[in-house]
Structure formats: C-alpha cells, structure tokens
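Below is one structure; the comments refer to it alone.
The values are calculated or read from the model by the stated rules, or taken from the named source; none is laboratory data. It should be emphasised that the depicted structure is a prediction, and the values quoted were computed from it without experimental measurement. So basically every Cβ, Gly included, is an ideal-geometry build from the backbone, and we count neighbours across all protein chains shown.
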Amino acid sequence: MIASLLGRAAKLVAISTVSPKLPKEMDLPVERRVALLRSLYGWTQEELAEAACVSRADVRCVESGSSTLSPLAIDRICKVLNIASH
C-alpha cells in the first residue's frame, strides 16, 4: 500500500516538473492528447490509471473518446498529465 502511494507520488512529481512539448497541443482533441502524452511518458494505461486513481477502463474510454465516462474521471486523468480537460 505505501509503496503504491509512493510510486503514485513520484509519477505526479515527474509530470509536474517535466512536461513534454507538444506542437499545437490545443489543436488535438483531449483523447488524442491523453494517448499521446501517455505514450511519451512510456506509461501503460494501467500505470496512468493508477496515478489518476481511476480504472484502466476509464483511461481506455478517454482515449477512445467515449462519452459515457464521468467528468470527474476525465479531470483526474487530465490533471495527472497536466493538460486541460476541454
């Protein structure tokens, strides 16, 4: 449990201190930004889900553009990646 929390905290610190530069980031829909940043960080959907305190299915829904996902889950994922959710 503690190792998991420390790992999550380390990921959040890494994100907040080093953010990849995305050309024309605002031109990309949120699902593309999430998928692109997750890929740039070398994270699996499971790792992003753990850092954002959501399920892997939630990450998959965001990346696929599903409209059935709760705004709270979208906001949590975007906050971890340091991007706007809209």
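For the residues Leu36, Leu40, Leu48, Leu28, the requirement of being in contact with a Leu (Cβ under 9 Å, 6 or more places away or on another chain) and surrounded by 19 or more Cβ atoms within 10 Å (Cβ to Cβ) singles out Leu48.
One line per residue, one yes/no per condition, for (1) exposed (fewer than 13 other Cβ atoms within 10 Å of the Cβ); (2) part of a loop (DSSP other than H, G, I, E, B); (3) modelled with pLDDT of 90 or more; (4) touching a strand residue (DSSP E or B) at 6+ places or on another chain (Cβ under 7 Å):
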position	(1), (2), (3), (4)
Ser4	yes, no, no, no
Ile15	no, no, no, no
Arg60	no, no, yes, no
Thr68	yes, yes, no, no
Ile77	no, no, yes, no
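Please go through (1) of a type outside the set (Phe, Trp, Tyr); (2) modelled with pLDDT under 90; (3) part of a helix (DSSP H, G or I) for Ser85 and return the number of the only condition it doesn't satisfy. The one condition Ser85 does not meet is (3).
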